[in-house]
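Chemist: Below you will find the structure I want to go over with you.
The values are calculated or read from the model by the stated rules, or taken from the named source; none is laboratory data. The model shown is predicted, which means the values in this text are computed figures rather than measured ones. Reconstructed Cβ throughout: ideal geometry from the backbone, glycine too, with neighbour counts over all protein chains shown.
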Amino acid sequence: MASSVIREILKQASRPGMISLAGGIPAPETFPMDILEEVFLKIIKRWGSSAFQYDLTEGFVPLREAAVPYLSRYSVEASTEEIFVSSGSQGLLDSLGKILISPGDIVAVESPTYLGAIQAFNPYGPRYVEMESDENGAIPESLEEVLIKNSPKFVYMVPTFQNPTGRTIPIERRKAIADIVIRYNALLIEDDPYAALRYQGKDVPSIKSMAPDHVLYATTLSKVFAPGLRVGLFVPPSGELGNWLVKAKQGTDLHTSTLSQAMAAVYLEGGYLEKRLPLICNFYHPRLNALLEAMDEYFPPDWNWSRPEGGMFLWAEGPDRTNIFELYKKALSCNVAFVPGEYFYANSENSRQAMRLNFTNADPDTLQHAVKTLASLIVN
């Protein structure tokens, strides 16, 4: 076990005057502070002290009921009994490691992949095999090769507005991935925390909808309600996996905060999220545009970067001669923080000279200034 690299970077980024493009932090302006008193009053009137009591490990039933139509928006059809609640997505990832990974087991991940998943799995001693990816995300042929050669315990992907790259796997490639996991009887963990944050383009169906018996679908309300509530949702394949995850959770935290779940239930079923989500997307979209416009204007032509249609991140790659850690140090000295790309590779020898940039927690003018500063350091 090791400290979170990003959290250590965020300590540096919290210095006065620092512009942080490092964290994956929702803007506090998007939190629904104006309706929380109303939400609390509804909770107390409807559930009283029950909202403050121990509850089911599987999850607060009213939240699971409210999650049925919410998940169907993202082409995940599930009954109340098929939906489980976790303490954020991170709690689920740890439970998956606990019940599925024995030391030396192989786990297949994208290249690059979500750092928090690596941190959740590492204590259980896996070996990682990386699937190749391009501007459209994980490459199906690489996944098939990994399954044939390595027989991983499971495959982990973030198919929509991926952390760290912002890439989204298109529908035809999703169909191919679904066909592959069915053909090889593989388990795919589809981590989907950003799908609701789409600013342009059309929604893409979940891989879960294409291979329901081979995919565990997971999402969270951290990006569309408030991360401090620590409320995640997941739908496992039919069978015993869900029951084992419940047993693992019982030994860890008994259940996710009942009060947090009650707040989430009211937020979903009361129509608050439906009204607020367009406001959140309209708040973030200009920030993404500002970041892309600044990159186009200031970054050197031998760099390339993703052009996400939503989410929270952009991924930029420099030429081989780039010393990304030297650039990181210089950027900090100029009060700009980002995350070096190496940390997002399960096997560091496959890493590239890249950086992850977050755009949700800085205004457009600040983003432009930060990118201009980074570009001047690259040139020099």
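Chemist: One residue is enough: does region 121-131 have a residue meeting the conditions touching a helix residue (DSSP H, G or I) at 6+ places or on another chain (Cβ under 8 Å), surrounded by 24 or more Cβ atoms within 10 Å (Cβ to Cβ) and closer than 21 Å to Ala354 by Cα?
Modeler: Yes, some residue in region 121-131 is touching a helix residue (DSSP H, G or I) at 6+ places or on another chain (Cβ under 8 Å), surrounded by 24 or more Cβ atoms within 10 Å (Cβ to Cβ) and closer than 21 Å to Ala354 by Cα.
Chemist: Another one. Any residue in region 164-171 that is part of a helix (DSSP H, G or I), closer than 17 Å to Pro308 by Cα and over 17 Å from the mean Cα position of the chain (by Cα)?
Modeler: yes
Chemist: Of the residues Pro152, Pro103, which is part of a loop (DSSP other than H, G, I, E, B), more than 17 Å from Val181 (Cα to Cα) and not small (Gly, Ala, Ser)?
Modeler: Pro103
Chemist: Follow-up question, since we're still on this one. If you go through region 59-66 one residue at a time, do you hit one that is among the small types (Gly, Ala, Ser), assigned by TED's automatic domain parsing to the domain that holds Val266 and not in a helix (DSSP H, G or I)?
Modeler: Yes: one or more hits.
Chemist: Within region 139-149, does at least one residue satisfy the condition of being surrounded by fewer than 17 Cβ atoms within 10 Å (Cβ to Cβ) and of a type in the set (S, T, N, Q)?
Modeler: Taking every residue of region 139-149 in turn, none turns out to be surrounded by fewer than 17 Cβ atoms within 10 Å (Cβ to Cβ) and of a type in the set (S, T, N, Q).
Chemist: Filter region 94-119 for residues that are under 23 Å from Val235 (Cβ atoms), modelled with pLDDT of 95 or more and out of contact with any strand residue (DSSP E or B) (no Cβ under 8 Å at 6 or more places or on another chain) and give the result.
Modeler: Of everything in region 94-119, those that are under 23 Å from Val235 (Cβ atoms), modelled with pLDDT of 95 or more and out of contact with any strand residue (DSSP E or B) (no Cβ under 8 Å at 6 or more places or on another chain) turn out to be Asp94, Gly97, Lys98, Ile99.
Chemist: Only one residue in Tyr74, Tyr54 is among the aromatic types (Phe, Trp, Tyr), surrounded by fewer than 21 Cβ atoms within 10 Å (Cβ to Cβ), within 20 Å of Val231 (Cα to Cα) and at pLDDT below 95. Which one?
Modeler: Being among the aromatic types (Phe, Trp, Tyr), surrounded by fewer than 21 Cβ atoms within 10 Å (Cβ to Cβ), within 20 Å of Val231 (Cα to Cα) and at pLDDT below 95 holds for just one of Tyr74, Tyr54, which is Tyr74.
Chemist: Looking at region 207-227 only, could you name the residues that are under 16 Å from the mean Cα position of the chain (by Cα) and of a type outside the set (Lys, Arg)?
Modeler: Those that are under 16 Å from the mean Cα position of the chain (by Cα) and of a type outside the set (Lys, Arg): Ile207, Leu216, Tyr217, Ala218, Thr219, Thr220, Leu221, Ser222, Val224, Phe225, Ala226, Pro227.
Chemist: Go through Asp192, Asp203 for me and flag whichever is within 17 Å of the chain's Cα centre (by Cα) and surrounded by 24 or more Cβ atoms within 10 Å (Cβ to Cβ).
Modeler: Asp192
Chemist: Further question on the same structure: Regarding Leu96, is this residue under 27 Å from Gln119 (Cα atoms) and either in the same structural domain as Pro205 (by TED's automatic domain parsing) or touching a Pro at 6+ places or on another chain (Cβ under 9 Å) (or both)? Explain how you work it out, then say what you get.
Modeler: Values: under 27 Å from Gln119 (Cα atoms): yes; either in the same structural domain as Pro205 (by TED's automatic domain parsing) or touching a Pro at 6+ places or on another chain (Cβ under 9 Å) (or both): yes.
So Leu96 passes the test.
Chemist: Which of the following residues is more than 28 Å from Val39 (Cβ to Cβ) and at pLDDT 95 or above: Leu292, Leu233, Leu273?
Modeler: Leu292
Chemist: Search region 167-189 for residues being closer than 23 Å to Leu96 by Cα and either in contact with a helix residue (DSSP H, G or I) (Cβ under 6 Å, 6 or more places away or on another chain) or of a type in the set (Ser, Thr, Tyr) (or both), and hand back the single one that is surrounded by the most Cβ atoms within 10 Å (Cβ to Cβ).
Modeler: So, considering only residues that are closer than 23 Å to Leu96 by Cα and either in contact with a helix residue (DSSP H, G or I) (Cβ under 6 Å, 6 or more places away or on another chain) or of a type in the set (Ser, Thr, Tyr) (or both), the one surrounded by the most Cβ atoms within 10 Å (Cβ to Cβ) is Ile177.
Chemist: State all residues of region 353-367 that are buried (at least 18 other Cβ atoms within 10 Å of the Cβ), in contact (Cβ under 8 Å) with a residue 60 or more places away in the chain and either touching a Gly at 6+ places or on another chain (Cβ under 6 Å) or not in a loop (DSSP other than H, G, I, E, B) (or both); if no residue qualifies, say none. Break it down into steps so the answer makes sense when it comes.
Modeler: So in region 353-367, the residues buried (at least 18 other Cβ atoms within 10 Å of the Cβ) come out as 353-362, 367.
Next, only the ones that are in contact (Cβ under 8 Å) with a residue 60 or more places away in the chain stay: 354, 356-362, 367.
Correct list: Ala354, Arg356, Leu357, Asn358, Leu367.
Chemist: Here is a list: Asn150, Asn136, Asn122. Which entry is more than 21 Å from the chain's Cα centre (by Cα), at negative phi and in contact (Cβ under 8 Å) with a residue 24 or more places away in the chain? Can you show your working first?
Modeler: Details: Asn136 fails: more than 21 Å from the chain's Cα centre (by Cα); Asn122 fails: more than 21 Å from the chain's Cα centre (by Cα).
After ruling out the rest, the residue left standing is Asn150.
Chemist: Among the residues that make up region 241-256, is at least one of them of a type in the set (Ser, Thr, Tyr), closer than 26 Å to Ser49 by Cα, at pLDDT 95 or above and part of a helix (DSSP H, G or I)?
Modeler: Taking every residue of region 241-256 in turn, none turns out to be of a type in the set (Ser, Thr, Tyr), closer than 26 Å to Ser49 by Cα, at pLDDT 95 or above and part of a helix (DSSP H, G or I).
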